[in-house]
Amino acid sequence: MKNKKLQMVKVLVALSLIYGISSAEGQKINEESLNIENAVINVANTAGQAVVSISTEHTMKIRGGVRRYYFGFPGRSQFPEDEFFRRFFDDFFGEMPDREYKSVGLGSGVIIDAKGYILTNEHVISEADKITVTLPDGREFEGVVKGRDPRSDLAVIKIDARNLPVAPLGDSQDLKIGQWVVAIGNPFGFAMQNPEPTVTVGVISALHRSLGSMLSRNRDYNDLIQTDAAINPGNSGGPLVNLKGEIVGINVAIFSTSGGYQGVGFAIPVNNAKRILSRLIEGKKIVYGWLGVSVQNLTEDMAKHLGLPDNKGALVGQVLENSPAQAAGIKEGDVIRSVDNQEITHIKDLVSRVSGIEVGRKVKIRVVRDKKELSLEVKISERPQNIMEEVEEEGFGASRASQQWRGLEVKEGPENKGVEVVYVEPSSPADRAGLIPGEIILEVNKKPIKNTVDFNKVTKGLLGNALIRTRRGYFLVKSEE
């Protein structure tokens, strides 16, 4: 009997201990949750007051004429030089007057200086004829672009106001996966009928994400922060902040099959903005260092074949003529292992390191060639405007640096029968002519085009207008002069 009582006492003591521990742990979890909740509320009340709504207007002029609508999309006539067809349809249907259409864009921005300087995405204001900035309190101001950089997709606009609330710039270098972050912006513009920004909460899902050319071939989306904090259309340009209320990123994009939020959003690291912010504010040109190579990542099998101890580095697939890389003696097949004494583990490292080096500066580049390590000195030059120095992920092979010609970029076509248009720059001569991605170019000024070599030879130094024949018909690409 005594044993049973003793056992009962032990059980009760054990239960009380377990309950006590559970209660303590539960209390601790509740306190942590409360701390996070209070931090988010504080961020919303402080950093949120520095987030603005940006609306833009852009006027597009559409030339009149029924004939353009008969052979495709507006401005996409298959027979641009056929006078007979032009006269027939003009006489039969009558010439339509020129028209103007206004397109409206919506985005967000964050005040970084009490004097009215606002940081946002370049694509938010890229084609704007008019910019209107609305503060959380409902006041509206006209925005003026002070500086822009399409490559980084960052811009600074200014409004004529003083003593504005400011969100401090943080440090994106020490971000950790799993860290709490808050996305602030104006999704869907004024559909909410309220100028107050929207606050969403999530964590950092990944770092150093690359979207390559998925969004635009003119932009560098190779070092993004991925988050599951809800980012929707209209959030672009708004800040991603930590629980201290510091800006750690600028929201730029969502990955979605529906156009809405699906748990994957991206932001530009704030340190990328800090490097060029003063020049943007001063309206100065943003200059990037350039090496002149196209590269790819190494697989473990490649590294083993090349006699490397690991797959760190960037494998050179092409060295451009008259580039700093060529002058330094870098060759195709070299593996770049370090730049300016900084290790290169991934192709994104190479792009980031070289871009940030001052133009004209000489740096040491360590490469491995034929299983031997070499140290080469390279004088970094300014990245040409018409060069797209690209990188691609494993499995897609080496990307070739592509040169623009009148807003057109091409790649090898099918079976050595022409070249395929992969990109047409908006408002460029190629775009105005009606060319679109996917076209197969067969002739330029009646000269047959079989591959990119032919295309580059024919277009290099070409003056005046160029008549291009594709599988859809003829297009006249006018001179840029």
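Laboratory data are not the source of any read-out in this text; all were calculated from the coordinates shown. For clarity, every value in this text was computed on a predicted model and none was experimentally measured. All Cβ positions, even for glycine, are placed from backbone atoms using ideal geometry, and neighbour counts span all protein chains on display.
Along Cα→Cβ, 7 Å out, is where each label goes; now give me the distance between the ones at residue 37 and residue 203 in nm to one decimal.
If labels sit at residue 37 and residue 203, their model points lie 2.0 nm apart.
What list do you get for 113, 301 if you sort them by fewest beta carbons within 10 Å?
301, 113
Find out how many positive minus negative residues lie around residue 442, taking Lys and Arg as positive, Asp and Glu as negative, among other residues whose Cβ is under 12 Å from that of residue 442.
Combined, the nearby Lys, Arg, Asp and Glu give +3.
Grab the beta carbon distance between residue 436 and residue 465, set R0 = 25 Å, and tell me the FRET efficiency rounded to 0.05.
0.85
Which stretch or stretches of segment 273-312 have amide N atoms under 14 Å from the point lying 7 Å from residue 373's Cα along the Cα→Cβ direction?
Zone members listed by number: 308-310, 312.
In this model, which of 348/371; 371/450; 312/379 are farther than 28 Å apart at the alpha-carbon?
The pairs that break the limit, which is 28 Å between Cα atoms, are 371/450.
How big is the Kirkwood radius of segment 229-352, worked out from every pair of different alpha carbons and given in Å to one decimal?
17.6
Using the number of other C-beta atoms within 10 angstrom as an exposure proxy, rank 323, 278 with the fewest first. List each step's numbers first, then the result.
Values: 323 21, 278 11.
Fewest to most other Cβ atoms nearby, the residues stand as 278, 323.
With only alpha-carbon pairs counted, each pair once and no self-pairs, how large is the Kirkwood hydrodynamic radius of segment 426-465 in angstroms?
Numbers: mean 1/r = 0.0888 Å⁻¹.
After inverting the mean inverse Cα-Cα distance, the result is 11.3 Å.
Sorted by mean Cβ packing within 10 Å, highest first, what order do the peptides 413-420, 120-127 take?
120-127, 413-420
Calculate the translational D of segment 404-477 in whole µm² s⁻¹ from Stokes-Einstein, where the hydrodynamic radius comes from the Kirkwood formula applied to all Cα pairs, the temperature is 37 °C and the viscosity 0.692 mPa s.
In µm²/s, the coefficient is 278.
Rounded to whole Å and sorted largest first, what semi-axes of the equivalent ellipsoid does the C-alpha gyration tensor of segment 289-392 yield via the square root of 5 times each eigenvalue? Could the numbers behind the result be given before it?
Numbers: eigenvalues 90, 37, 30 Å².
With the √(5λ) rule applied to segment 289-392, the semi-axes are 21, 14, 12 Å.
Based on the Cβ-Cβ distance from residue 100 to residue 478, what FRET efficiency comes out when R0 is 25 Å, to the nearest 0.05?
Working: r = 22 Å, r/R0 = 0.88.
The value I calculate is 0.70.
How large are Rg and Dmax for segment 306-354 when only the alpha carbon atoms are used, in Å?
When restricted to Cα atoms, segment 306-354 yields Rg and Dmax of 10.9, 32 Å.
Any chance you could check the Cα centroid distance between segment 113-153 and segment 414-481 for me, in angstrom?
A separation of 36 Å, based on Cα centres.
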